[in-house]
1. Which residue out of A:Ser47, A:Ser62 is of a type in the set (Ser, Thr, Tyr) and modelled with pLDDT under 95?
2. Please count how many residues of segment B:113-135 are touching a Phe, Trp or Tyr at 6+ places or on another chain (Cβ under 9 Å) and either open to solvent by 40 Å² or more (accessible area, probe 1.4 Å) or outside the structural domain of B:Cys172 (by TED's automatic domain parsing) (or both).
3. Which of the residues belonging to segment A:156-200 are part of a helix (DSSP H, G or I), open to solvent by less than 100 Å² (accessible area, probe 1.4 Å) and free of Cβ contacts under 8 Å to residues at least 60 places away in the same chain?
4. Could you tell me whether any residue of segment A:101-112 is open to solvent by 60 Å² or more (accessible area, probe 1.4 Å) and without any contact (Cβ under 8 Å) to a residue 24 or more places away in the chain?
5. Can you pull out the residues in segment B:2-18 that are open to solvent by 50 Å² or more (accessible area, probe 1.4 Å), without any contact (Cβ under 8 Å) to a residue 12 or more places away in the chain and outside any helix (DSSP H, G or I)?
6. Can you go through B:Lys25, B:Lys4 and tell me which one is modelled with pLDDT under 95, within 7 Å of another protein chain (Cβ to nearest Cβ) and either touching a strand residue (DSSP E or B) at 6+ places or on another chain (Cβ under 8 Å) or at negative phi (or both)?
7. Quick one: how many residues across segment B:50-69 are under 16 Å from A:Ile10 (Cα atoms) and either of a type in the set (Gly, Ala, Ser) or in a loop (DSSP other than H, G, I, E, B) (or both)?
8. For segment A:28-52, give me each residue that is hydroxyl-bearing (Ser, Thr, Tyr) and either at the interface with chain B (Cβ under 7 Å from one of its Cβ atoms) or open to solvent by less than 40 Å² (accessible area, probe 1.4 Å) (or both).
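The values are calculated or read from the model by the stated rules, or taken from the named source; none is laboratory data. Treat the numbers as computed from the prediction; the structure is a model and nothing was measured. Neighbour counts run over all protein chains shown; Cβ positions are idealised from the backbone, glycine included. Areas reflect the complete protein model, heavy atoms only, side chains present, ligands, DNA and RNA absent. Shrake-Rupley method; radii C 1.70, N 1.55, O 1.52, S 1.80 Å.
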Number of protein chains: 2
Amino acid sequence: MAMKIPSKYIDEAVDQLSSLPGIGKKTALRLVLQLLNRSESEIERFSNAFVEMKKEVKKCKSCGNISDSELCSICENPGRDNSQICVVEDIRDIMALESTNYFKGIYHVLGGIISPMDGVGPSDLNINTLLNKLENGKVKEIIFALSANMEGDTTNFYLYKKMAPYNIEITCLSRGVAIGTELQYADELTLGRSLINRQPFKLNE
Amino acid sequence: MAMKIPSKYIDEAVDQLSSLPGIGKKTALRLVLQLLNRSESEIERFSNAFVEMKKEVKKCKSCGNISDSELCSICENPGRDNSQICVVEDIRDIMALESTNYFKGIYHVLGGIISPMDGVGPSDLNINTLLNKLENGKVKEIIFALSANMEGDTTNFYLYKKMAPYNIEITCLSRGVAIGTELQYADELTLGRSLINRQPFKLNE
């Protein structure tokens with residue numbers, strides 16, 4: 001159903017909101033009318049949040065994570081182990097990994113993965129800055145934490161080749177049946193891999 | 001999974017976006033990171049849309065529809081029939097009815113429906129302004145186009161009683177099996193009503 005919006009200002013607000021991924025015109029209209037009911041100061045605060053964010057948020061000059069200062073809170077933290085670098089595609093992967101509380105090293109954000117279909121090649125990613133970190137010989141382990149798909153595998157392989165001269169331990173997140181999954185619902189590729197990479201059974205893991 | 005966002009500015013932007021109905025923190029974060037990739041001027045435009053809207057959008061002083069001027073484009077239009085007033089709950093209902101292209105009268109927005117459960121009584125709605133419009137005797141028909149639920153029925157009944165002295169034709173949107181519905185899936189209340197209110201069969205309707 002094509003809705004005719006009787007105000008060019010609301011039309012523009014709907015256009016702006018529906019420019020966000022996954023938000024259609026109809027949802028945007030519902031949200032905009034909800035905003036319209038708020039006070040002027042609330043709308044100011046809503047709008048300012050995005051302008052301020054754009055103005056203030058920086059990229060950590062070491063790892064590429066988002067940060068309010070030059071270095072992100074992880075790179076800045078003296079308690080983190082600089083000899084372990086976990087390579088991720090996106091800043092959201094850092095948040096996901098951090099929420100596990102299992103990793104005490106630092107991160108490196110590639111800013112994407114190699115995907116010829118989308119026109120993303122190695123030169124589009126933060127690969128050189130990663131290799132530069134290996135020069136001083138202090139890094140002992142690189143952990144690949146990229147997506148478990150073809151693009152991720154390609155990127156892992158490319159990085160692996162580039163890092164071969166450095167004599168560094170290179171690891172990859174384990175892949176297998178997700179915890180909580182009923183075996184009959186696991187896909188056959190994952191199941192096959194988890195059979196090949198089976199591990200010694202340990203109690204209380 | 002609780003995400004720890006490493007920037008108070010992003011945190012605030014996520015808070016603001018997730019204050020909209022139906023947008024959770026995780027969706028908001030995805031949208032905010034997408035916004036972060038845009039240029040400063042794009043963000044300005046995004047933010048301004050909401051401030052401008054709040055500043056510029058008025059309510060039509062006649063019907064309560066949203067409008068960029070004193071009177072909305074429908075009330076202002078000399079081609080619309082002022083003797084027919086369609087009573088709706090919300091401005092979105094006007095947009096829905098307008099998109100059918102079947103109605104040539106004008107509207108009146110109640111701003112809600114009588115719902116004691118939500119604490120909405122007749123005095124919270126634009127009922128007096130509607131009754132005032134009946135005073136001059138030029139209105140010939142009032143069409144109730146409220147929700148087809150208990151609150152809608154209650155409001156219809158209340159308005160009907162209030163309008164009785166005016167000797168005006170009062171009609172209501174027809175209720176029945178929705179077009180395109182397979183009969184076996186229609187609910188029994190709707191089906192029962194559409195049987196009681198059955199209409200003479202007409203070809204090519």
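1. So the residue among A:Ser47, A:Ser62 that is of a type in the set (Ser, Thr, Tyr) and modelled with pLDDT under 95 is A:Ser62.
2. Residues that pass the stated criteria total 2.
3. A:Asn156, A:Tyr158, A:Lys162, A:Met163, A:Ala164, A:Tyr166, A:Thr190, A:Leu191, A:Gly192, A:Ser194
4. Looking through segment A:101-112, at least one residue is open to solvent by 60 Å² or more (accessible area, probe 1.4 Å) and without any contact (Cβ under 8 Å) to a residue 24 or more places away in the chain.
5. B:Ala2, B:Lys4 - these are the residues of segment B:2-18 that are open to solvent by 50 Å² or more (accessible area, probe 1.4 Å), without any contact (Cβ under 8 Å) to a residue 12 or more places away in the chain and outside any helix (DSSP H, G or I).
6. Values: B:Lys25 fails: within 7 Å of another protein chain (Cβ to nearest Cβ).
Just a single option satisfies the conditions, and that option is B:Lys4.
7. The first filter runs over segment B:50-69 and keeps only residues under 16 Å from A:Ile10 (Cα atoms), leaving B:50-60, B:64-69.
Among the residues that remain, those that are also either of a type in the set (Gly, Ala, Ser) or in a loop (DSSP other than H, G, I, E, B) (or both) are: B:57, B:60, B:64-65, B:67-69.
Looking only at that region, the number is 7.
8. A:Ser47 - this is the single residue of segment A:28-52 that is hydroxyl-bearing (Ser, Thr, Tyr) and either at the interface with chain B (Cβ under 7 Å from one of its Cβ atoms) or open to solvent by less than 40 Å² (accessible area, probe 1.4 Å) (or both).
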